[in-house]
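Report on one structure; see the data block that follows.
The values are calculated or read from the model by the stated rules, or taken from the named source; none is laboratory data. As the structure is a computational prediction, the values presented were derived from the model and not from experiment. Here the Cβ is made from the backbone with ideal geometry for all residues, glycine too, and neighbour counts use every protein chain on show.
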Amino acid sequence: MNNKDRFILYNKDDEFDYKKNKSKIDIRFNRISFIFFVFFVISIIYSIHLVHLGTRKSDDSKKDQKNYLNNLKRADIIDRNGDFLAKTVSSIDIGINPTEIIDQKKLLLNLGYIFPNKNYELIKSKINKNKFFWFEKKISEDNYEKIMMLGDKSIKPEEKLTRIYPQKNLFSHIIGQIDDDNNGISGLEKSLDERLKKNKNEISLTVDKDIQFLIREELIKFNNIFRTKGSAAILMDVKNGEILSLLSLPDFDPNARERIENVNFINRATKGVYELGSVFKTFTLAAGIHEGLIEPDTKFINLEKSIKCGKNIITEYDKNIPSNLTAEEILIRSGNIGSVRIGQSVGIEKFKEFLEDLDLINTIQFDIQEMGVPLSFNWGKCKLATASYGHGITTTILQLANAYSIIANGGYKINPTLVKKDNLNLNNERILKNDVSKKINSILRKIVTTKEGTASLANIEGYEVGGKTGTAQKSALGGYSNYKINTFASVFPISDPKYTLVVMLDEPKTNSEYIYHYRDGTGIKYQGTPFNTAGWTTVEVVGQIIEKIGPILATKYNEIY
């Protein structure tokens with residue numbers, strides 16, 4: 001092959017190679033473009049999906065937050081006049097995230113203008129730690145608007161729901177508390193927990209805020225005067241069992257969310273179980289009349305000054321009490337031996353059945369779970385004797401108030417309640433004969449009006465107060481202590497009973513400086529407490545309370561005394 005031929009052959013080969021290389025380049029370029037396009041489309045789809053997921057996550061977060069807040073809601077609780085006792089309110093907490101602060105000096109300057117009383121040295125130290133912290137909790141609406149107007153991304157608002165108790169201590173033993181998980185742990189917050197969480201309608205109670213306030217003020221005053229360990233009071237409608245006021249001192253502020261461990265904060269009105277002494281004598285006499293064994297004018301002749309029962313001796317507290325007394329006079333003068341004789345005439349079975357019908361020694365159902373259980377015992381001749389005058393037998397203040405209401409209302413069974421009900425089944429069951437109430441009420445009035453009675457300090461003109469006193473030593477390990485429980489169970493107006501007011505003082509002491517004012521129009525004054533008995537302590541408290549609440553009861557509930 002010559003050179004020319006070789007040249008032509010080379011060019012042909014070169015041309016062939018060139019075309020072949022160009023084709024390869026085109027193919028590779030098209031493949032790369034296609035692959036790039038595919039990845040581009042995938043990235044777009046993935047980005048859209050991420051945006052969608054982010055949006056959905058945000059929506060789910062908002063939904064979860066809303067569900068969380070809804071779970072924290074509890075129904076409001078109001079008194080009989082519509083005043084709030086417990087309420088769930090929305091609040092906003094303001095936090096600061098230091099890592100998002102752009103101009104710290106400017107931020108602190110603006111915050112100082114809105115919140116001038118803050119400790120900004122402390123706030124600076126928190127900012128320097130670069131950790132999120134709460135700047136202001138439960139911020140006011142006005143300040144919330146101001147702080148959000150700053151437009152600083154480091155400011156983080158968070159909506160919260162909180163349970164507040166506008167009346168603070170006033171209804172603490174009734175309303176109770178909730179824990180940090182929104183569960184009721186005492187009072188109505190506990191017993192009505194599920195109903196409150198359903199949050200459909202506000203719950204209306206039978207209590208009256210104004211009356212509760214006045215009674216509490218008097219209890220606090222006399223706790224100081226007689227230096228008591230505590231006290232309790234219950235005001236109840238005798239016809240339907242509605243409780244207008246229920247108090248126990250000391251009390252607490254449920255807004256503080258503090259754990260109550262001190263036993264002195266027990267609900268003395270419902271949870272405390274006590275021997276209450278001579279207030280039980282009313283039931284002994286009522287049982288005798290109910291069984292048709294005695295009448296108020298039945299005479300008891302040659303009553304002993306003391307009687308022996310087993311190893312114990314029963315004596316009269318008043319050594320000057322006459323030996324010959326009618327059944328009525330036994331109750332008026334609070335005779336122990338006479339009460340024993342009446343109880344013996346009734347007998348163990350009948351007397352026990354009578355007390356059970358009055359729900360005095362049973363376990364009763366109530367709107368709150370903090371209920372005491374009367375101590376059980378074996379009935380016998382000596383137990384009948386001591387129980388007849390209120391010794392060695394226990395009950396709660398709530399059960400005592402309920403029993404006196406039944407005695408006063410004509411003998412109709414009622415169920416004490418704190419929660420307003422549409423149908424109270426009034427006068428559904430009569431457990432006493434129709435003349436028992438009338439006869440006993442007349443005697444209760446004489447205990448207040450006669451000089452032989454033990455409750456003359458409660459003789460308030462215009463209110464026709466009747467009632468029975470009870471002074472009892474507190475039980476102690478192996479016997480009894482020198483500390484006392486002084487109680488007065490009152491009913492008014494006695495001619496047409498409407499209310500029972502029971503007050504108990506736990507471990508009162510005498511006061512040599514206190515001046516007593518008799519309210520019977522005589523103008524008599526007396527300085528110093530001569531005896532540590534209910535007649536000189538609890539009766540005085542009841543008299544003061546009725547003077548304060550009587551006009552309100554007459555005005556609000558159209559009662560005429």
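The table below gives the values:
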{"read-out": "Single unsatisfied condition, residue 139 versus (1) modelled with pLDDT of 95 or more; (2) assigned to a loop (DSSP other than H, G, I, E, B); (3) surrounded by 13 or more Cβ atoms within 10 Å (Cβ to Cβ)", "value": "(1)"}
{"read-out": "Checklist (1) modelled with pLDDT of 95 or more; (2) in a helix (DSSP H, G or I); (3) out of contact with any Pro (no Cβ under 9 Å at 6 or more places or on another chain) applied to residue 169, failing item", "value": "(3)"}
{"read-out": "Residue 207, sole failed condition from (1) more than 15 Å from the chain's Cα centre (by Cα); (2) among the β-branched types (Val, Ile, Thr); (3) part of a loop (DSSP other than H, G, I, E, B)", "value": "(1)"}
{"read-out": "Subset of segment 256-303 that is outside the structural domain of residue 232 (by TED's automatic domain parsing) and part of a helix (DSSP H, G or I) - its residue that is nearest to residue 168 (Cα to Cα)", "value": "256"}
{"read-out": "Test: residue 495 is more than 27 Å from residue 394 (Cα to Cα) and out of contact with any Phe, Trp or Tyr (no Cβ under 7 Å at 6 or more places or on another chain)", "value": "yes"}
{"read-out": "Set 209, 156, 146: member being among the basic types (Lys, Arg), under 16 Å from residue 85 (Cα atoms) and touching a residue at least 12 places away in the same chain (Cβ under 8 Å)", "value": "209"}
{"read-out": "Single residue of segment 348-390 satisfying the filter (of a type in the set (Phe, Trp, Tyr) and part of a loop (DSSP other than H, G, I, E, B)) that is modelled with the lowest pLDDT", "value": "377"}
{"read-out": "Residues within segment 81-110 that are touching a residue at least 24 places away in the same chain (Cβ under 8 Å) and either assigned to a helix (DSSP H, G or I) or outside the structural domain of residue 154 (by TED's automatic domain parsing) (or both), tallied", "value": "5"}
{"read-out": "Qualifying residue in segment 89-97 (condition: at pLDDT below 95 and more than 33 Å from the chain's Cα centre (by Cα))", "value": "no"}
{"read-out": "Filter result for the condition that a residue is within 13 Å of the chain's Cα centre (by Cα), on the phi < 0 side of the Ramachandran plot and crowded, with 19+ Cβ neighbours inside 10 Å, over 184, 176", "value": "184"}
{"read-out": "Segments classed as strands (runs of 3 or more DSSP E), wholly inside segment 485-561, with at least 2 members that are among the hydrophobic types (A, V, I, L, M, F, W, C)", "value": "499-506"}
{"read-out": "Test result for residue 332, among the β-branched types (Val, Ile, Thr), touching a strand residue (DSSP E or B) at 6+ places or on another chain (Cβ under 6 Å) and assigned by TED's automatic domain parsing to the domain that holds residue 473", "value": "no"}
{"read-out": "Any hit, segment 316-324, residues being touching a helix residue (DSSP H, G or I) at 6+ places or on another chain (Cβ under 7 Å), under 30 Å from residue 210 (Cβ atoms) and either assigned to a helix (DSSP H, G or I) or touching a residue at least 12 places away in the same chain (Cβ under 8 Å) (or both)", "value": "no"}
{"read-out": "Matching option when the condition is at pLDDT 95 or above, of a type in the set (Gly, Ala, Ser) and outside any helix (DSSP H, G or I), among 334, 345", "value": "334"}
{"read-out": "Flag for residue 288 being surrounded by 20 or more Cβ atoms within 10 Å (Cβ to Cβ) and under 23 Å from residue 473 (Cβ atoms)", "value": "no"}
